[in-house]
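So the structure is just underneath, and the comments pick up after that.
The values are calculated or read from the model by the stated rules, or taken from the named source; none is laboratory data. Owing to the predicted nature of the structure, the values given are computational and were not obtained by experimental measurement. No Cβ is skipped: glycine too gets one built from the backbone with ideal geometry, and neighbour counts run over all protein chains shown. Ligands, DNA and RNA are excluded from the accessible area calculation, which covers all protein heavy atoms including side chains. Shrake-Rupley method; radii C 1.70, N 1.55, O 1.52, S 1.80 Å.
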Amino acid sequence: MRAVYATDLSDAIETAMSSRICLECLERYGITEIHLVHVTSPNVTTGMPGSDFGKRARKGLERQRELLEAEGFDVETHVVRGTPHRRINGLAEQVNADLMIVGSRGRSPLRERFIGGTARNVARTAVRPLLVQRIVEDEDGHEVANEHLFQRVLYATDFSENAELAFDQFRNLKRATQEATLLHVAPPERRSDPELVEDAEERLAELADRLHGMGIETRTMVREGEAVGEILAVEAEVDPTTILMGARGQSRLRRLLLGSTSEDVTARANSNVLLVPPTGLR
């Protein structure tokens, strides 16, 4: 399996690549080949003395390539010009990537994090499963929020087709995941209908049985209320290392994949987020 790993050559991204635990998690997911991509602005002039950004980028990529190769990955590097999210997604389609990875730097471990512009745009337009990896700032620089990327997974489902596609990710995650929490948030207008809640509990129980068969310790939760708030509340309770969600597409032409729930959770969660786009847009 192959991954496209987006890098801005910053210390933050290098922190993530220097974590042996993070890289072992990617190996357990099944990744053996990594395409490391750095996108430069189309307005950068590379021919002027002292302005050869392409050369500097390649030097930085070679350093990061060595980090990844030291952990056993086959690595190819790419320096391209253009709009970052378009070129990152384009490369993912070109190499038929199984996973895309972008880093999202937070302001502080104690303050609400907001996803950066490039990460947000890649998430909105992703045509492959996308891992948004949290990298937080501290007094000493940067650290990975959750080194064990997939150890504890919070799977949020509305039982849609795309949510089912997201659940299929457990086939890749089974070697990396020890615990899973399966969550369904019933809309406020359904809270007075106990049959719908009971149906949700039964459907989650069926999914839990499948994960138990993979050796994953699993619990289920049905909450009632506003989806984003409840997902974030459960995140605070169970402390997952990654939230797994489907990203439901609303416009193929514009490729705006994130619905309001997945976008808000991706922007505000403390955990990593693994988003799975609709099949028709891959």
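For the pair residue 217 and residue 66, a Förster radius of 41 Å applied to the C-beta separation gives a FRET efficiency near 0.65, rounded to the nearest 0.05. Taking 0.36 nm per residue of separation and subtracting the Cα-Cα distance, full extension of the segment from residue 147 to residue 233 would add 28.8 nm. Extension gain, residue 58 to residue 161, is 33.0 nm, computed as 0.36 nm per intervening residue step minus the present C-alpha separation.
The modelled label-to-label distance between residue 24 and residue 195, using points 7 Å beyond Cα along the C-beta direction, is 5.1 nm.
Exposure check, 1.4 Å probe, all protein chains in place: residue 8 carries approximately 70 Å² of accessible surface.
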